[in-house]
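Data first, discussion second: the structure below is written as structure tokens.
Every number here is computed from the coordinates shown, using simple stated rules; none is lab data. Treat the numbers as computed from the prediction; the structure is a model and nothing was measured. Here Cβ is always computed from backbone atoms with ideal geometry, including for glycine, and neighbour counts include all displayed protein chains.
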Amino acid sequence: MWIRQGILLAFSAGFVAGENGLNGWLRYASLPEAQRQQATSIPSVIVALNSTTTSPVYVAAQELQAGIEGVLGAKLQVLHEPEVTASSLSVLVGTVAAYTSKYGNRNISSLIADGYWLSVKAGSVIILGQNERGALYGAFDYLSRISQGNFADVDVVSNPDAPIRWVNQWDNLEGTIERGYAGPSIFFSDGLVVKNLTRVSQYARLLASLGINAIVPNNVNANPNLLTAENIEGLGRIADIMRPYGVQVGISLNFASPERLGGLKTFDPLDATVIKWWTEKTEALYKRVPDLAGYLVKANSEGQPGPLTYNRTLADAANLFAKAVQPFGGIVMFRAFVYNHLADWTVWRADRANAAVEFFKHLDGKFLDNVVVQIKYGPIDFQVREPASPLFANIPLTNTAIELQITQEYLGQQSHLVYVGPLWKEILDFDLKVDGKPSAVRDIVAGRRFNKKLGGYAGVVNVGTNTSWLGSHLAMSNLYAYGRLAWNPKQDAQALLQDWIRLSFGHDRSVLDTITKISMESWPAYENYSGNLGIQTLTDILYTHFGPGPASQDNNGWGQWTRATSTHIGMDRTIANGTGNAGQYPPEVAKVYDNIETTPDNLILWFHHVPYTHRLHSGKTVIQHFYDAHYEGAAVAQTFAPAWESLRGKIDAQRFDEVLFRLKYQAGHAIVWRDNICGFYHNLSGIPDEAKRVGNHPWRIQAESMALLGFKPTGVTPAEAASNFTAVATARNGTGEAVATLNFPDGTYDVAIAYYDILGGRAHYGAFINEEPLLEWYGNLEDRLGHAFSEKLDGHSATRVTIKNIDIKKGDVLKIIGLANGNETASLDYVAILPRGIVD
Ligand code: GCU
């Protein structure tokens, strides 16, 4: 037996009954007594005006009842019409119209669709929505206040900043989710809509509490079979379940459906039979889902079919659908994510970042009024740092929406903590200065800047069946911030985060401070250890988009180029010498980006191709900045788990343990990132690190230098994903043993063991000192972190475990044993014996 009890316990799930995350920020947890006492007068009854059981007003009353009971411990009766009696100490909820017809004119003229008026006066509460879902939003606002111990009198009118506040799911009909990291779909399985829609209803509740008013449940890479009669009926059931929450359903379309599903010979958008096919399908859909929000279309992108096949324009395609849904009040979200993924990388002036403007600018004014062009926040693809997409500034006659990504595809896939609110804020607040006038992105997508009626937000969420929704409890701050920003983008990212913390984890000051600190540090840290200075995330773009893979960016058609050579790096997007992308921005912004002197450091490599020795505004060279940033970022990531550990006992056991496991994982993988990226550019440029850290690991024992039995040295891809470019691995189904005599001074150390956790099995490991068991563990991250890493030894699968505070004497013998399992070989990269304060 290898097992030492205490260590095993620390790694077990610690299954003390606790919360599982299902209620997200809507836990309605009982307020601490001190705060409860501030509620001097609690309403005694809830009055719901004009509500049938399927109305959001009815749901609002239910929520108010559950919330007040949970938070304050008082079970209030709900009175529905016609039994209404006005009571001075009631919570009254309904629409303005219902109130007016009952109690006389209550004209709140500043309310717009979905908006609400909330009045709290000495314990008497009135919540009036401009429409039914507005009333529900107002109820959630009130509940959020009391859940946070805020009983102050208030009289507010709250209106959404933009009419479109959608979420997109990338769920496939088979039940998998593209870029989903929290288990299978809650919507689909085996080609059909699932029978039990309980989770869908719970999701709708979370979305409604943020003011989200529509969802597209199926992947933008859409399956034509969504439009079979059986699936239309299924969509109807989804819509029925979500309707009481005011969440409408829209769907993603496969552009070739008339051919692939309908059996037509063509899917030409101007062909009469194709138009007829879509018209009839649309009628069938609206028959079952009369409030269908509309369509989402990804065409001519990444291999998806589209109108260009027939020499038709993207506007022809969008308008085809716009006409079909127009009689029903539907809209078409047409994605601007159109580019050639087979671009010629040898052409210096070729640039994927130019694609959206090239495809859409000349179509401005050609889209029908119910078309909205949905634009990813940056010109490429949800990278850790991008400038705002220039397309926002280039189509003033067209409705636009911004697409943000809650699922952290390029930001650590929920296995790393990255609070993205601050990134979104930078983009939304960015002033594009169109025609020399203030033109913040948020004002453009709200329709204000160019006087458009439609516009807003689309967030790619990808929740799954995991009870934490996103796979990570802390990642829920991103969904929360997304919804709140879509309602009001002027809000502060940290303030939103703190609302979410209080609602999700309670009122303890240290809980608030600690989660605030690690969350606010998380995006800068991730940027530091993934990709700096605007070079993008530097992940392996040809595989899972998770771990490091800097070489994969260049020399292929995907266009996420860095143009890294042995002497230079960065995309030249200047007007005179480069791809001209800087010139797609309005003149005042173009001038800043076109000139290396005025381009901010954090975007220098996005816009300029420079020697590694180029000096930044900060005074550092590019290469030294890379090295320093990676060491700094990885060091910050080491502090997250200990910070979280300081909250032990203040957070329920299940969420505490699950978060801790992820933060420890992140600490190890941040070092994988650091070493891989630093090693890659060190190798490529040959320029040493001034601080002599890169390639210099005095506290590591490389696996290949240990006495090996069964383990054999092996290369990994990329080579920098192994310390000293070499790891060791067993054969399939083999066993390995690696032994080393420790030659460090006597002392207390942390022992970090680096290995690879690949798909296809759960290898079994043990570590021993002088034959005494130190740790037993399994290569089962795919289960514990809930997503697929890699089938190979690489930057995705590279990971490490750390055992803290081990007394080591010079001459002690360290042994690692590994047992392969299934297709997973046992592997080892290095062991680091780390004195206190050393991160390596
Ligand atoms: C990214 C992502 C794809 C997705 C695409 C899109 O490229 O990796 O999985 O389909 O974006 O937004 O359409």
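Sorted by packing (mean other beta-carbon atoms within 10 Å per residue), highest first, where do 180-190, 64-74 land?
Sorting 180-190, 64-74 by mean packing, highest first, produces 180-190, 64-74.
Of H764, V338, P163, which is farthest towards the positive pole of the chain's charge dipole, taken about the Cα centre with +1 and -1 on the beta-carbons of Lys, Arg and Asp, Glu respectively?
Toward the positive end, the furthest listed residue is P163.
Separation between the F725 and T100 pseudo-spin-labels, each 7 Å from Cα along Cα→Cβ, expressed in nm?
Distance between the two pseudo-spin positions: 7.7 nm.
Using square roots of five times the C-alpha gyration tensor eigenvalues, list the equivalent-ellipsoid semi-axes of the chain in whole Å, biggest first.
The answer is 45, 35, 25 Å, longest axis first.
Nearest 0.05, what FRET efficiency do S201 and S618 give at R0 = 51 Å with Cβ-Cβ as r?
According to the calculation, E is roughly 0.50.
Taking K287 as the anchor, which lysines have their alpha carbon closer than 17 Å to its alpha carbon, excluding any fewer than eight residues away along the same chain?
Of all the lysines, those that pass the test against K287 - Cα under 17 Å, at least 8 places apart if same chain - are K276, K323.
Dipole of region 164-503, Cα-centred, from +1 at each Lys and Arg C-beta and -1 at each Asp and Glu C-beta, to the nearest 20 debye?
Dipole magnitude for region 164-503 comes out near 700 debye.
Kindly state, to the nearest 0.05, the FRET efficiency for N159 paired with T279, given R0 = 30 Å and r defined as their beta-carbon distance.
After rounding to 0.05, the efficiency reads 0.30.
What do you get for trypsin sites (Lys or Arg not before Pro) in region 179-212 restricted to DSSP loop and a cutoff of at most 14 other Cβ within 10 Å of the site's Cβ?
K195
Whole-Å semi-axes of region 700-835's equivalent ellipsoid, largest first, each the root of 5 times a Cα gyration tensor eigenvalue?
The equivalent ellipsoid of region 700-835 has semi-axes of 24, 15, 14 Å.
Between N743 and N780, what length in nm is gained on full extension when 0.36 nm per residue of separation is reduced by their alpha carbon distance?
Extra length from N743 to N780 when fully extended: 10.2 nm.
In region 310-339, which residues have a backbone nitrogen under 15 Å from the label point lying 7 Å from K265's Cα in the Cα-to-Cβ direction?
From region 310-339, the list is empty.
Can you give me the Cα centroid spacing of region 549-614 and region 278-319 in angstrom?
A separation of 35 Å, based on Cα centres.
For a protection proxy built on the mean count of beta-carbon atoms within 10 angstrom, sort 245-258, 604-617 highest first, please.
245-258, 604-617
Under a crude label model (7 Å from the Cα following the beta-carbon direction), how far is K804 from D291 in nanometres?
It works out to 5.0 nm between the two label points.
Only Cα pairs under 8 Å and at least 6 apart count here; give the relative contact order of the chain as a rounded whole percent.
Value for the chain: 11 percent.
Given Cβ point charges of +1 (Lys, Arg) and -1 (Asp, Glu) and nothing else, what value in debye, to the nearest 20, does the dipole of the chain about its Cα centre take?
1160 debye
Go through 635-643, 169-177 and give me the packing order, highest mean Cβ count within 10 Å leading.
Packing proxy ranking, top to bottom: 169-177, 635-643.
Once amide H atoms are built 1.01 Å from N in the peptide plane, which residues 5 or more positions from G330, or in another chain, come under 5 Å H to H?
Residues meeting the criterion, in which the H sits 1.01 Å from N, do not exist here.
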